[in-house]
1. What residue, among those in region 274-293 that are touching a Ser or Thr at 6+ places or on another chain (Cβ under 7 Å) and modelled with pLDDT under 90, is farthest from E527 (Cα to Cα)?
2. For region 90-103, which positions are closer than 18 Å to G142 by Cβ and of a type outside the set (F, W, Y)?
3. Quickly run through region 355-407 and pick out the residues that are among the aromatic types (F, W, Y) and in contact (Cβ under 8 Å) with a residue 40 or more places away in the chain.
4. Within region 260-304, restricting attention to residues that are of a type in the set (D, E) and farther than 17 Å from S244 by Cα, which residue is surrounded by the most Cβ atoms within 10 Å (Cβ to Cβ)?
5. Kindly indicate the residue of region 117-131 that is in contact with a Gly (Cβ under 8 Å, 6 or more places away or on another chain) and surrounded by fewer than 19 Cβ atoms within 10 Å (Cβ to Cβ) and also farthest from S196 (Cα to Cα) among those meeting that condition.
6. Identify, please: which residue in region 336-363 is over 39 Å from the mean Cα position of the chain (by Cα) and among the charged types (D, E, K, R) and is, among those, modelled with the lowest pLDDT?
7. I'm checking my understanding of the structure. Among residues of region 504-539 that are within 30 Å of D305 (Cβ to Cβ) and among the basic types (K, R), which one is surrounded by the fewest Cβ atoms within 10 Å (Cβ to Cβ)?
8. Applying the selection to region 132-146, what residues are buried (at least 16 other Cβ atoms within 10 Å of the Cβ) and farther than 17 Å from Y91 by Cβ?
Amino acid sequence: MNLLFQNFEKIIDAPNGITKARELVLQLAVQGKLTETKKEDSIDKLIFALNSEISSLVRRRCINNQYSLNSVSRIPWKPEWRILPLRKLFYSISIKKHQIKTNEYKNTGKYPVVGQGIEKITAYSDNDSKLIKIQSPLIVFGDHTREIKFVDFDFIPGADGTKLLLPINPINAKYFYWALKSIRIVSKGYARHFKSLLENNILLPPLQEQHEIVKKVNSLMSLLDELEEKKNRKEANRIKLSNSALDKLTKSQNEKEFQLNWNRITQNFEILYSVPENVNKLKQTILQLAVQGKLTEQWRKENPDVEPASELLKNIKAEKEKLIAEGKIKKQPARRGGKELPAITEEEKPFSLPDGWEWVSLQDISTKITDGTHNSPPNHSKGDFKYISAKDIKLEGVVPKKITFVEAQVHRAIYERCNPEYGDILYIKDGATTGVATLNNLKEEFSMLSSVALIKTSSFIIEKYILLNLRSPYYYAQTRGSMTGVAITRVTLAKLNVSKIALPPILEQKQIVKKVDQFMSLCKKLEDKIKLKTEEQEKLVEAVVSKLAS
C-alpha cells in the first residue's frame, strides 16, 4: 500500500496515467493487496451463507440448477480467500419486457435509462410499465460494448445486449462490481462478450474484507477523480495560454510586435508545448504566419527593390501561352459561360497582404490541375505500374502501403490525362483526409485514382511555397468549406481552380520556405523531446506497476 502511494505521482503524470492508476487500484484490490484479513472474518461462514442462498434461489426458481461452492481453491498469498467461478456468484433476471428501443429514449423524463453506450445517465423514459424497481444493487453488463455499470436506483433497461447481474447474497455488490471491472475482456468488435466474461474466476475474500476493500477502492477512485479533474484543468489552462499566445502572434501588427510575441512563446516553450497537440497548433500558426508574410517582414525591409508578384504573374502568363502554342499543355478551362476568371474582390480576400504580394487563383499559377481516373481500373498485387490512391498520400510524400498495380495499357490511358512527375503537388480531394497535400517523391511513373488531384505549377513558382499555402489553416478552411457530396464529400477540380493563394515575389517565396523549414525543425525537436519523455514515463510506470502487481 505504501509503495502505491510512493509512486502515485509518477503514475498519474504519465500519458493515460490516471487510467493506468485506476486499473492498478482494481488489480491490487481484487488480489487482496490493499487490505489485511481479520482473524474473526471467516471465509467458511461466507461460503455456508452463499450455499444457503443458492438453495433458496433454486426453490424460488431464480436459478435452474442446484450447485455447491464447497470445492474451491485457495490463494497462496491469501489463504483466507477462495478462487470461485464467476458464473456461480450471480444470477440474472429476464428484462425483455422492460427493455425500450433507442428511438424511445428521451433527453428528460421520470426514469433513467441504463444500457449499452450510455456512459452517464443522459437518456430517460416516462414508461411506468418498463420500470425495474430494484431491491438491492445490481450490475449492468453490455454484451456488445463490454461496459459494466453499478446501479443502485430504479431504472429502465436499454436496448438489446444489456444483461442484469445480481450478486448472490451476502456478497458485497460493489466488491462484485469492482471485481468484474478488473477483468480484461478482449474486444471482438460488435460481438457478444458475455460468454467470455463467464469464463473467468473471481478471487473472493471474507465478507468483512469485501466491505474494507470497497471502502479503500471508493476512496482511491475519488482521489483519482480529483487528480484527473486537476490535471484536466491544468491542461485546459495550458491550451488556453498556448492559444492566446499564438493568437497574439498571428495578429501582430508589425515586426517589433511580432518579435515580442514570439519571444514570449520561446521563453515558455516548456510550459506551452509539452504535449503534441499544442505543437501541432504551433505548426499551423507558423504556416498561417508564413502565408501572411509575417515571417519575412525584416527581409522585405532589407530588400525593398525586389520585383513584385505582379511582374511574376506576367511571366507566368507568357510561359503558359508559349506552352499552349507548343501543344505541351491545354488551355485551362474558363469559368462558366466561357468567361475568364474574374479578379478576386476585396470581400473575397481572406486577409490583407504585404506590398508586392498578390491574391491569385490556384489556376493562375498552375500549368495543369487535374485528378486521377474516375473509372477504377482492374488492379492487382503485381503489375507494371503502381496504382496510387488517397490512402498512399502522406505529409512526407507518397508512401504506398498494400500497393496494387495496373497493366501498362491501362496505365498509359490514365497517364495521358494525369501524369504526376517528381516534385509535382498531390492533393487529396475526396473523403475524410481531404486537404492533405504533399510533393511527389516518386521518380517513376504511376497511375492515380480520382481521390487525388495533381497540381503542376509554373516554373516561376516554388512548389514548396504553394505546398505551405495548401497546408495552411486559411486554405484548409477555404477548401473544406466548399466540399460537396453525400456518401463521399469532395473538393471539385472547379473549386480547386478558383481557390485563393497568397502570392509573394519569387525571391520571398524562397525566404519563406527557408524560414518555415527552420521553425518546423524546431517543432520536430519539441516533438522528439515530448516523445522521449513520454517513452521514459511509460517505461517507469510499467516498472512500477509490475513491481506493485508482483
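1. Checking each candidate, the answer is K281.
2. Those that are closer than 18 Å to G142 by Cβ and of a type outside the set (F, W, Y): S92, I93, S94, I95, K96, H98, Q99, I100, K101, T102.
3. W357, W359, F385, Y387
4. Of everything passing the filter in region 260-304, E297 is surrounded by the most Cβ atoms within 10 Å (Cβ to Cβ).
5. The first filter runs over region 117-131 and keeps only residues in contact with a Gly (Cβ under 8 Å, 6 or more places away or on another chain), leaving 117-118, 123-126.
Retained after the next criterion (residues that are surrounded by fewer than 19 Cβ atoms within 10 Å (Cβ to Cβ)): 117, 124, 126.
Working: G117: 19, Y124: 30, D126: 34 Å.
Going through the qualifying residues, I end up with D126.
6. So the residue we want is R336.
7. The selected residue is K514.
8. Within region 132-146, the first condition is being buried (at least 16 other Cβ atoms within 10 Å of the Cβ), and the residues that meet it are 132, 137-146.
Scanning region 132-146 gives G142, H144, T145, R146.
The values are calculated or read from the model by the stated rules, or taken from the named source; none is laboratory data. Given the structure is predicted, the values throughout are model-derived calculations rather than measurements. Neighbour counts run over all protein chains shown; Cβ positions are idealised from the backbone, glycine included.
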